[in-house]
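The values are calculated or read from the model by the stated rules, or taken from the named source; none is laboratory data. From a predicted model like this one, the values you see are computed outputs, not experimental measurements. Because the Cβ atoms are built from the backbone with ideal geometry, glycine has one as well, and the counts that use them run over all protein chains shown. The accessibility values were calculated without ligands, DNA or RNA, using every heavy atom of the protein model including side chains. Shrake-Rupley method; radii C 1.70, N 1.55, O 1.52, S 1.80 Å.
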Amino acid sequence: MIARHRRDRAYLAFLGHRISGIGLAVFLPLHFIVLAEVLSGEAALDSVLAFTAHPVVKAMEWLLLVLVCAHLIFGLRLLMLELRPWRGRGADRRGWILPGLILALAVGTLAMLGVV
Amino acid sequence: MTDTIPVRVWRGGDAGAFQTFDVALRDNQTVLDIVTDIQRRQDPTLSYRFACRVGVCGSCAMTVNGVPRWTCRTHVAKVAAEGVLTLEPLRNLPRLKDLAVDMTPFFDKWQKAGGTFEGRKTRDDAVDPVKPGSRARKAADAAIECINCAVCYAACDVVDWDPDYLGPAALNRVWTLVNDRRHARRSDTLDKAAQSGGCGSCHSQGACMRHCPVGLSPTESIAGLKRALLFSLLGGRL
Ligand code: HEM
Ligand code: SF4
Ligand code: SF4
Ligand code: FES
(Lines give C-alpha, C1' and ligand atoms only; values in the text may rest on other atoms or scores of the structure.)
(Ligands and ions follow the chains in the order given, each with its own letter.)
Protein backbone atom coordinates (compact mmCIF):
# COMPACT_ATOMS: atom_id res chain seq x y z
CA MET A 1 0.00 0.00 0.00
CA ILE A 2 1.20 3.52 -0.75
CA ALA A 3 1.95 5.43 2.45
CA ARG A 4 -0.40 8.34 3.03
CA HIS A 5 2.12 11.11 2.63
CA ARG A 6 2.88 9.77 -0.87
CA ARG A 7 -0.68 9.63 -2.15
CA ASP A 8 -0.51 12.11 -4.97
CA ARG A 9 -0.21 12.17 -8.75
CA ALA A 10 3.33 13.47 -8.39
CA TYR A 11 4.38 10.25 -6.67
CA LEU A 12 2.90 8.35 -9.60
CA ALA A 13 5.05 10.49 -11.89
CA PHE A 14 8.10 9.72 -9.80
CA LEU A 15 7.42 5.97 -9.87
CA GLY A 16 6.62 6.13 -13.58
CA HIS A 17 9.83 7.97 -14.31
CA ARG A 18 12.02 5.66 -12.29
CA ILE A 19 10.44 2.42 -13.53
CA SER A 20 10.51 3.61 -17.15
CA GLY A 21 14.11 4.77 -16.75
CA ILE A 22 15.22 1.39 -15.43
CA GLY A 23 13.07 -0.38 -18.02
CA LEU A 24 14.73 1.61 -20.80
CA ALA A 25 18.20 0.94 -19.45
CA VAL A 26 17.40 -2.80 -19.55
CA PHE A 27 15.45 -2.92 -22.82
CA LEU A 28 17.46 -0.60 -25.06
CA PRO A 29 20.67 -2.71 -25.18
CA LEU A 30 18.53 -5.75 -26.11
CA HIS A 31 16.85 -3.65 -28.78
CA PHE A 32 20.24 -2.63 -30.22
CA ILE A 33 21.46 -6.24 -30.20
CA VAL A 34 18.44 -7.21 -32.28
CA LEU A 35 19.09 -4.30 -34.67
CA ALA A 36 22.74 -5.33 -34.96
CA GLU A 37 21.61 -8.86 -35.85
CA VAL A 38 19.53 -7.43 -38.68
CA LEU A 39 22.60 -5.69 -40.08
CA SER A 40 24.52 -8.95 -40.24
CA GLY A 41 22.56 -10.50 -43.13
CA GLU A 42 19.37 -11.70 -44.71
CA ALA A 43 19.12 -15.02 -42.87
CA ALA A 44 19.49 -13.19 -39.59
CA LEU A 45 16.82 -10.73 -40.69
CA ASP A 46 14.37 -13.55 -41.37
CA SER A 47 14.93 -15.09 -37.98
CA VAL A 48 14.58 -11.69 -36.33
CA LEU A 49 11.33 -11.04 -38.19
CA ALA A 50 10.00 -14.43 -37.09
CA PHE A 51 11.06 -13.57 -33.56
CA THR A 52 9.28 -10.20 -33.57
CA ALA A 53 6.06 -11.81 -34.81
CA HIS A 54 5.73 -13.59 -31.48
CA PRO A 55 2.94 -12.03 -29.34
CA VAL A 56 5.17 -11.79 -26.28
CA VAL A 57 7.76 -9.88 -28.29
CA LYS A 58 5.00 -7.66 -29.68
CA ALA A 59 3.86 -6.91 -26.15
CA MET A 60 7.43 -6.07 -25.17
CA GLU A 61 7.71 -3.72 -28.15
CA TRP A 62 4.53 -1.98 -27.06
CA LEU A 63 5.84 -1.69 -23.52
CA LEU A 64 9.16 -0.28 -24.74
CA LEU A 65 7.34 2.40 -26.74
CA VAL A 66 5.12 3.31 -23.80
CA LEU A 67 8.14 3.46 -21.49
CA VAL A 68 10.07 5.71 -23.87
CA CYS A 69 7.10 8.08 -24.22
CA ALA A 70 6.31 8.12 -20.52
CA HIS A 71 9.96 8.72 -19.61
CA LEU A 72 10.26 11.46 -22.21
CA ILE A 73 7.09 13.25 -21.05
CA PHE A 74 7.84 12.95 -17.33
CA GLY A 75 11.43 14.03 -18.01
CA LEU A 76 10.25 17.07 -19.97
CA ARG A 77 7.82 17.89 -17.18
CA LEU A 78 10.65 17.94 -14.64
CA LEU A 79 12.88 20.00 -16.93
CA MET A 80 10.05 22.49 -17.49
CA LEU A 81 9.29 22.90 -13.83
CA GLU A 82 12.94 23.15 -12.90
CA LEU A 83 14.10 25.44 -15.68
CA ARG A 84 11.12 27.77 -16.10
CA PRO A 85 10.22 30.33 -13.44
CA TRP A 86 7.06 29.42 -11.52
CA ARG A 87 4.04 31.59 -12.17
CA GLY A 88 0.75 31.05 -10.41
CA ARG A 89 -1.24 27.88 -10.01
CA GLY A 90 -0.25 24.93 -12.16
CA ALA A 91 3.43 25.90 -12.06
CA ASP A 92 4.23 22.51 -10.53
CA ARG A 93 2.92 20.92 -13.76
CA ARG A 94 1.02 18.26 -11.87
CA GLY A 95 -1.59 18.72 -14.57
CA TRP A 96 0.79 17.09 -17.05
CA ILE A 97 0.94 13.77 -15.27
CA LEU A 98 -2.30 12.00 -16.13
CA PRO A 99 -2.55 13.36 -19.70
CA GLY A 100 1.13 12.43 -20.12
CA LEU A 101 0.47 8.87 -19.04
CA ILE A 102 -2.54 8.61 -21.35
CA LEU A 103 -0.54 10.10 -24.23
CA ALA A 104 2.26 7.56 -23.68
CA LEU A 105 -0.22 4.67 -23.72
CA ALA A 106 -1.94 6.11 -26.81
CA VAL A 107 1.27 6.66 -28.76
CA GLY A 108 2.49 3.16 -27.93
CA THR A 109 -0.80 1.59 -28.92
CA LEU A 110 -1.26 3.60 -32.13
CA ALA A 111 2.28 2.84 -33.25
CA MET A 112 1.70 -0.86 -32.65
CA LEU A 113 -1.58 -0.77 -34.56
CA GLY A 114 0.27 0.88 -37.42
CA VAL A 115 2.91 -1.85 -37.29
CA VAL A 116 0.57 -4.83 -37.00
CA MET B 1 -22.09 11.73 28.01
CA THR B 2 -19.67 13.28 25.53
CA ASP B 3 -18.40 11.45 22.50
CA THR B 4 -14.87 10.17 22.67
CA ILE B 5 -12.32 9.25 20.06
CA PRO B 6 -9.72 6.50 20.35
CA VAL B 7 -6.23 8.00 20.00
CA ARG B 8 -3.27 5.71 19.35
CA VAL B 9 -0.13 7.42 20.62
CA TRP B 10 3.45 6.29 20.08
CA ARG B 11 5.17 5.71 23.42
CA GLY B 12 8.91 5.26 23.79
CA GLY B 13 11.80 5.99 21.42
CA ASP B 14 12.86 3.79 18.49
CA ALA B 15 11.73 0.81 20.49
CA GLY B 16 8.22 1.43 21.68
CA ALA B 17 4.60 0.70 21.06
CA PHE B 18 1.26 2.41 20.56
CA GLN B 19 -0.88 3.13 23.59
CA THR B 20 -4.54 3.92 23.07
CA PHE B 21 -6.34 6.65 24.99
CA ASP B 22 -10.00 7.57 24.74
CA VAL B 23 -10.28 11.32 24.58
CA ALA B 24 -13.40 13.47 24.84
CA LEU B 25 -14.28 15.24 21.59
CA ARG B 26 -14.94 18.97 21.70
CA ASP B 27 -15.89 21.63 19.19
CA ASN B 28 -13.02 23.11 17.19
CA GLN B 29 -10.58 20.77 18.87
CA THR B 30 -7.08 20.60 17.43
CA VAL B 31 -4.80 17.59 17.44
CA LEU B 32 -2.56 19.45 19.87
CA ASP B 33 -5.59 19.91 22.18
CA ILE B 34 -6.00 16.13 22.14
CA VAL B 35 -2.37 15.54 23.13
CA THR B 36 -2.58 18.14 25.88
CA ASP B 37 -5.82 16.60 27.13
CA ILE B 38 -4.10 13.19 27.39
CA GLN B 39 -1.15 14.67 29.26
CA ARG B 40 -3.30 16.71 31.67
CA ARG B 41 -6.00 14.13 32.44
CA GLN B 42 -4.62 10.69 31.71
CA ASP B 43 -0.84 10.43 31.64
CA PRO B 44 1.42 13.28 32.78
CA THR B 45 4.50 11.37 31.56
CA LEU B 46 3.53 11.85 27.89
CA SER B 47 6.28 13.87 26.12
CA TYR B 48 5.60 16.25 23.25
CA ARG B 49 6.55 19.76 22.16
CA PHE B 50 4.63 22.94 21.56
CA ALA B 51 4.94 26.61 22.39
CA CYS B 52 2.77 29.16 20.58
CA ARG B 53 -0.39 27.11 19.78
CA VAL B 54 -1.13 29.47 16.90
CA GLY B 55 1.09 28.26 14.06
CA VAL B 56 4.06 30.55 14.56
CA CYS B 57 6.77 28.72 16.45
CA GLY B 58 6.94 25.50 14.42
CA SER B 59 7.52 23.20 17.39
CA CYS B 60 4.37 21.06 17.43
CA ALA B 61 4.75 18.98 14.27
CA MET B 62 3.90 15.27 14.45
CA THR B 63 2.77 12.49 12.18
CA VAL B 64 -1.03 12.49 12.25
CA ASN B 65 -2.67 9.44 10.67
CA GLY B 66 0.46 8.93 8.57
CA VAL B 67 0.82 12.54 7.40
CA PRO B 68 3.28 15.11 8.81
CA ARG B 69 1.35 18.13 10.12
CA TRP B 70 1.49 21.08 12.50
CA THR B 71 -0.82 19.86 15.22
CA CYS B 72 -1.85 23.20 16.76
CA ARG B 73 -3.66 24.22 13.59
CA THR B 74 -4.92 20.84 12.50
CA HIS B 75 -8.55 20.29 13.44
CA VAL B 76 -9.46 16.81 14.59
CA ALA B 77 -12.71 16.94 12.61
CA LYS B 78 -10.71 17.41 9.41
CA VAL B 79 -8.23 14.57 9.81
CA ALA B 80 -10.09 11.90 11.74
CA ALA B 81 -12.75 11.06 9.18
CA GLU B 82 -12.36 7.37 10.01
CA GLY B 83 -12.98 8.01 13.70
CA VAL B 84 -9.44 7.18 14.90
CA LEU B 85 -6.33 9.25 15.44
CA THR B 86 -2.86 7.75 15.23
CA LEU B 87 -0.10 10.03 16.47
CA GLU B 88 3.58 9.37 15.90
CA PRO B 89 6.71 11.51 16.06
CA LEU B 90 7.92 13.15 12.83
CA ARG B 91 9.50 10.87 10.26
CA ASN B 92 13.21 11.14 9.28
CA LEU B 93 14.43 12.42 12.66
CA PRO B 94 15.76 10.47 15.67
CA ARG B 95 12.98 9.65 18.10
CA LEU B 96 13.65 10.87 21.62
CA LYS B 97 10.57 9.89 23.58
CA ASP B 98 6.90 9.57 22.70
CA LEU B 99 6.02 12.39 20.28
CA ALA B 100 9.27 14.35 20.61
CA VAL B 101 12.05 14.00 18.04
CA ASP B 102 15.62 15.24 18.15
CA MET B 103 15.67 18.24 15.78
CA THR B 104 19.49 18.52 15.84
CA PRO B 105 20.18 16.94 12.41
CA PHE B 106 17.54 19.23 10.87
CA PHE B 107 19.16 22.40 12.22
CA ASP B 108 22.71 21.15 11.63
CA LYS B 109 21.83 20.89 7.96
CA TRP B 110 20.73 24.53 7.90
CA GLN B 111 24.28 25.36 9.00
CA LYS B 112 25.86 22.92 6.57
CA ALA B 113 23.79 24.37 3.73
CA GLY B 114 25.30 27.78 4.48
CA GLY B 115 22.08 29.50 5.48
CA THR B 116 23.87 32.31 7.34
CA PHE B 117 23.60 35.92 6.23
CA GLU B 118 26.75 37.98 5.95
CA GLY B 119 26.47 41.70 5.42
CA ARG B 120 28.87 44.10 3.71
CA LYS B 121 28.11 47.14 5.80
CA THR B 122 28.75 48.16 9.37
CA ARG B 123 26.44 49.97 11.74
CA ASP B 124 28.13 53.23 10.70
CA ASP B 125 27.08 52.88 7.06
CA ALA B 126 23.79 54.08 5.68
CA VAL B 127 21.00 51.51 5.40
CA ASP B 128 21.15 49.58 2.14
CA PRO B 129 17.63 49.75 0.72
CA VAL B 130 16.04 46.69 -0.87
CA LYS B 131 13.35 47.42 -3.47
CA PRO B 132 10.26 45.44 -2.42
CA GLY B 133 9.14 45.14 -6.03
CA SER B 134 12.41 43.76 -7.39
CA ARG B 135 12.37 40.25 -8.83
CA ALA B 136 14.92 38.92 -6.37
CA ARG B 137 13.06 40.36 -3.40
CA LYS B 138 9.78 38.86 -4.58
CA ALA B 139 11.45 35.46 -4.90
CA ALA B 140 12.87 35.76 -1.39
CA ASP B 141 9.52 36.94 -0.02
CA ALA B 142 7.74 33.91 -1.45
CA ALA B 143 10.04 31.59 0.53
CA ILE B 144 10.87 33.57 3.65
CA GLU B 145 8.07 32.74 6.08
CA CYS B 146 9.44 29.34 7.10
CA ILE B 147 8.65 28.42 10.72
CA ASN B 148 11.31 25.64 10.89
CA CYS B 149 8.72 23.00 11.69
CA ALA B 150 10.44 20.17 9.71
CA VAL B 151 7.14 18.99 8.25
CA CYS B 152 8.67 19.16 4.77
CA TYR B 153 11.75 17.32 6.01
CA ALA B 154 9.50 14.52 7.28
CA ALA B 155 7.55 14.40 4.01
CA CYS B 156 10.63 14.16 1.78
CA ASP B 157 11.59 10.67 0.61
CA VAL B 158 15.06 11.76 -0.47
CA VAL B 159 15.81 12.74 3.14
CA ASP B 160 14.69 9.24 4.07
CA TRP B 161 16.95 7.59 1.49
CA ASP B 162 20.04 9.80 1.75
CA PRO B 163 21.15 10.83 5.24
CA ASP B 164 23.39 13.52 3.69
CA TYR B 165 20.60 15.28 1.80
CA LEU B 166 20.26 18.80 3.18
CA GLY B 167 16.50 18.69 2.80
CA PRO B 168 13.82 21.09 1.58
CA ALA B 169 13.81 23.62 4.44
CA ALA B 170 17.57 24.26 4.49
CA LEU B 171 17.71 24.63 0.71
CA ASN B 172 14.64 26.87 0.78
CA ARG B 173 16.53 29.10 3.22
CA VAL B 174 19.55 29.13 0.91
CA TRP B 175 17.32 30.33 -1.92
CA THR B 176 16.13 33.32 0.13
CA LEU B 177 19.76 34.17 0.86
CA VAL B 178 20.81 33.89 -2.78
CA ASN B 179 18.07 36.43 -3.54
CA ASP B 180 19.17 38.88 -0.85
CA ARG B 181 21.17 41.56 -2.59
CA ARG B 182 22.75 42.63 0.72
CA HIS B 183 24.26 39.17 1.23
CA ALA B 184 28.04 39.40 0.76
CA ARG B 185 28.78 35.79 -0.17
CA ARG B 186 26.22 34.92 -2.80
CA SER B 187 28.51 32.79 -4.95
CA ASP B 188 29.89 30.85 -1.94
CA THR B 189 26.32 30.21 -0.85
CA LEU B 190 25.44 29.03 -4.33
CA ASP B 191 28.51 26.74 -4.39
CA LYS B 192 27.37 25.16 -1.14
CA ALA B 193 23.96 24.45 -2.63
CA ALA B 194 25.78 22.35 -5.25
CA GLN B 195 27.56 20.18 -2.67
CA SER B 196 26.88 16.47 -2.53
CA GLY B 197 23.52 16.16 -0.82
CA GLY B 198 22.57 19.62 -2.11
CA CYS B 199 19.89 20.75 -4.54
CA GLY B 200 20.95 18.21 -7.19
CA SER B 201 19.56 15.40 -5.05
CA CYS B 202 16.00 16.73 -5.20
CA HIS B 203 13.61 14.93 -7.57
CA SER B 204 11.16 17.87 -7.76
CA GLN B 205 8.03 15.83 -7.14
CA GLY B 206 6.93 18.26 -4.46
CA ALA B 207 6.02 16.29 -1.33
CA CYS B 208 7.58 19.13 0.70
CA MET B 209 5.44 21.86 -0.83
CA ARG B 210 2.26 19.79 -0.58
CA HIS B 211 2.80 19.33 3.15
CA CYS B 212 4.27 22.70 4.16
CA PRO B 213 1.68 24.10 6.58
CA VAL B 214 2.39 27.72 5.70
CA GLY B 215 2.12 27.07 1.98
CA LEU B 216 5.75 27.58 0.99
CA SER B 217 7.21 25.75 -1.98
CA PRO B 218 10.70 24.43 -1.25
CA THR B 219 10.35 22.60 -4.58
CA GLU B 220 10.18 25.94 -6.37
CA SER B 221 13.08 27.31 -4.33
CA ILE B 222 15.24 24.28 -5.09
CA ALA B 223 14.35 24.57 -8.78
CA GLY B 224 15.50 28.19 -8.51
CA LEU B 225 18.83 27.04 -7.07
CA LYS B 226 19.25 24.51 -9.87
CA ARG B 227 18.56 27.25 -12.41
CA ALA B 228 20.94 29.69 -10.75
CA LEU B 229 23.66 27.02 -10.68
CA LEU B 230 23.06 26.17 -14.33
CA PHE B 231 23.40 29.85 -15.28
CA SER B 232 26.60 30.24 -13.29
CA LEU B 233 27.94 27.07 -14.93
CA LEU B 234 27.06 28.41 -18.38
CA GLY B 235 28.60 31.74 -17.41
CA GLY B 236 31.83 29.90 -16.51
CA ARG B 237 31.58 30.86 -12.86
CA LEU B 238 31.50 27.39 -11.35
C1 HEM C 1 14.06 10.59 -24.22
C2 HEM C 1 14.67 11.55 -23.63
C3 HEM C 1 14.92 11.50 -22.15
C4 HEM C 1 14.62 12.51 -21.28
C5 HEM C 1 13.97 13.86 -21.60
C6 HEM C 1 15.04 12.07 -19.96
C7 HEM C 1 14.93 12.83 -18.81
C8 HEM C 1 15.30 12.41 -17.56
C9 HEM C 1 15.32 13.24 -16.38
C10 HEM C 1 14.96 14.73 -16.31
C11 HEM C 1 15.72 12.47 -15.34
C12 HEM C 1 15.88 12.92 -13.88
C13 HEM C 1 14.73 12.41 -13.04
C14 HEM C 1 14.77 12.84 -11.61
O15 HEM C 1 15.42 13.82 -11.22
O16 HEM C 1 14.10 12.16 -10.80
C17 HEM C 1 15.94 11.13 -15.86
C18 HEM C 1 16.28 10.03 -15.08
C19 HEM C 1 16.58 8.77 -15.58
N20 HEM C 1 16.63 8.42 -16.92
FE21 HEM C 1 16.05 9.58 -18.47
N22 HEM C 1 15.56 10.81 -20.03
C23 HEM C 1 15.52 10.40 -21.37
C24 HEM C 1 15.94 9.20 -21.89
C25 HEM C 1 16.42 8.13 -21.14
C26 HEM C 1 16.87 6.86 -21.70
C27 HEM C 1 16.98 6.56 -23.18
C28 HEM C 1 17.20 6.06 -20.62
C29 HEM C 1 17.71 4.65 -20.57
C30 HEM C 1 18.69 4.21 -21.30
C31 HEM C 1 16.95 6.81 -19.41
C32 HEM C 1 17.15 6.33 -18.13
C33 HEM C 1 16.97 7.06 -16.98
C34 HEM C 1 17.15 6.56 -15.63
C35 HEM C 1 17.52 5.14 -15.23
C36 HEM C 1 16.89 7.64 -14.76
C37 HEM C 1 16.93 7.62 -13.22
C38 HEM C 1 15.51 7.56 -12.72
C39 HEM C 1 15.36 8.05 -11.29
O40 HEM C 1 16.29 8.58 -10.69
O41 HEM C 1 14.24 7.89 -10.76
N42 HEM C 1 16.49 8.06 -19.76
N43 HEM C 1 15.67 11.12 -17.21
S1 SF4 D 1 10.65 18.21 -4.09
FE2 SF4 D 1 12.77 17.73 -3.46
S3 SF4 D 1 12.94 18.50 -1.36
FE4 SF4 D 1 10.75 18.42 -1.87
S5 SF4 D 1 10.05 16.44 -1.09
FE6 SF4 D 1 10.62 16.13 -3.24
S7 SF4 D 1 12.80 15.51 -3.19
FE8 SF4 D 1 12.31 16.36 -1.18
S1 SF4 E 1 9.40 25.03 4.53
FE2 SF4 E 1 7.34 24.82 5.41
S3 SF4 E 1 7.26 22.70 6.13
FE4 SF4 E 1 9.41 23.17 5.80
S5 SF4 E 1 10.18 23.82 7.80
FE6 SF4 E 1 9.57 25.67 6.69
S7 SF4 E 1 7.45 26.02 7.29
FE8 SF4 E 1 7.93 23.93 7.88
S1 FES F 1 2.64 25.21 18.72
FE2 FES F 1 3.68 26.77 17.61
S3 FES F 1 3.35 26.18 15.55
FE4 FES F 1 2.14 24.73 16.63
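Listed values, structure above:
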{"item": "Subset of B:Lys131/B:Lys226; B:Lys78/B:Lys131; B:Lys97/B:Lys226; B:Lys78/B:Lys192; B:Lys97/B:Lys192; B:Lys112/B:Lys138 violating a 32 Å alpha-carbon distance limit", "result": "B:Lys78/B:Lys131; B:Lys97/B:Lys226; B:Lys78/B:Lys192; B:Lys97/B:Lys192"}
{"item": "Two-site label geometry, B:Asp14 and B:Thr116: point separation in nm, points 7 Å out along Cα→Cβ", "result": "3.1"}
{"item": "Buried solvent-accessible surface, both chains (A, B), 1.4 Å probe, Å² to nearest 100", "result": "1800"}
{"item": "Inter-part distance where region B:13-30 and region B:141-217 are each reduced to a Cα centre, Å", "result": "32"}
{"item": "Phi-based couplings in Hz for region B:117-133 (Karplus 6.51, -1.76, 1.60; Gly and Pro marked x)", "result": "6, 10, x, 9, 9, 9, 5, 7, 7, 5, 4, 8, x, 10, 6, x, x"}
{"item": "Kirkwood Rh, angstrom, chain A [1 / mean 1/r, Cα pairs]", "result": "16.2"}
{"item": "Mean Cβ neighbour count within 10 Å, used as a protection proxy, ranking B:90-101, A:13-24 highest first", "result": "B:90-101, A:13-24"}
{"item": "Kirkwood hydrodynamic radius of the protein assembly as shown, Cα pairs, Å", "result": "23.6"}
{"item": "Kirkwood Rh and Cα Rg combined as Rg/Rh, region B:104-235", "result": "0.97"}
{"item": "Gain on full stretching of the segment that runs from B:Ala194 to B:Ile144 - 0.36 nm per residue minus C-alpha separation", "result": "15.9 nm"}
{"item": "Accessible-area ranking of A:Ser40, B:Ser59, largest first, probe 1.4 Å", "result": "A:Ser40, B:Ser59"}
{"item": "Selection from B:Val127, B:Thr104, B:Thr74 lying farthest towards where the dipole of region B:63-146 points positive, charges on Cβ", "result": "B:Val127"}
{"item": "Ratio Rg/Rh [Cα only; Rh per Kirkwood] for chain B", "result": "1.05"}
{"item": "Peptide B:202-211 - average C-beta neighbours from other chains (10 Å radius)", "result": "6"}
{"item": "Net lengthening on full extension, A:Leu63/A:Leu28 (0.36 nm per residue, minus Cα-Cα)", "result": "11.4 nm"}
{"item": "Rounded if a/c under 1.5, otherwise prolate or oblate - region B:4-101, Cα gyration tensor axes", "result": "rounded"}
{"item": "Charge dipole (region A:4-113, unit charges on Cβ, about Cα centre) - positive-most of A:Ile97, A:Leu65, A:Ile22", "result": "A:Ile97"}
{"item": "Residue-normalised accessible area of the protein assembly as shown, expressed per residue, 1.4 Å probe, Å²", "result": "54"}
{"item": "In order through region B:166-177: 3J(HN,Hα) via Karplus (6.51 cos²θ - 1.76 cosθ + 1.60), integer Hz, x for Gly, Pro", "result": "5, x, x, 5, 5, 6, 4, 4, 4, 4, 5, 5"}
{"item": "³J(HN,Hα), Karplus 6.51/-1.76/1.60, whole Hz, each residue of region B:46-62, x for Gly, Pro", "result": "5, 9, 7, 10, 6, 9, 7, 6, 10, x, 10, 7, x, 9, 9, 5, 8"}
{"item": "Mean Cα-pair separation over length for region B:104-235, i.e. relative contact order, pairs under 8 Å, 6 or more apart, %", "result": "30"}
{"item": "Normalised contact order of chain B, rounded percent, pairs of Cα under 8 Å and 6 or more residues apart", "result": "17"}
{"item": "Contact order normalised by residue count of region B:78-141, Cα under 8 Å, 6+ apart, percent", "result": "14"}
{"item": "Extension gain from A:Leu113 to A:Met1, taking 0.36 nm per residue of separation minus the Cα-Cα distance", "result": "36.9 nm"}
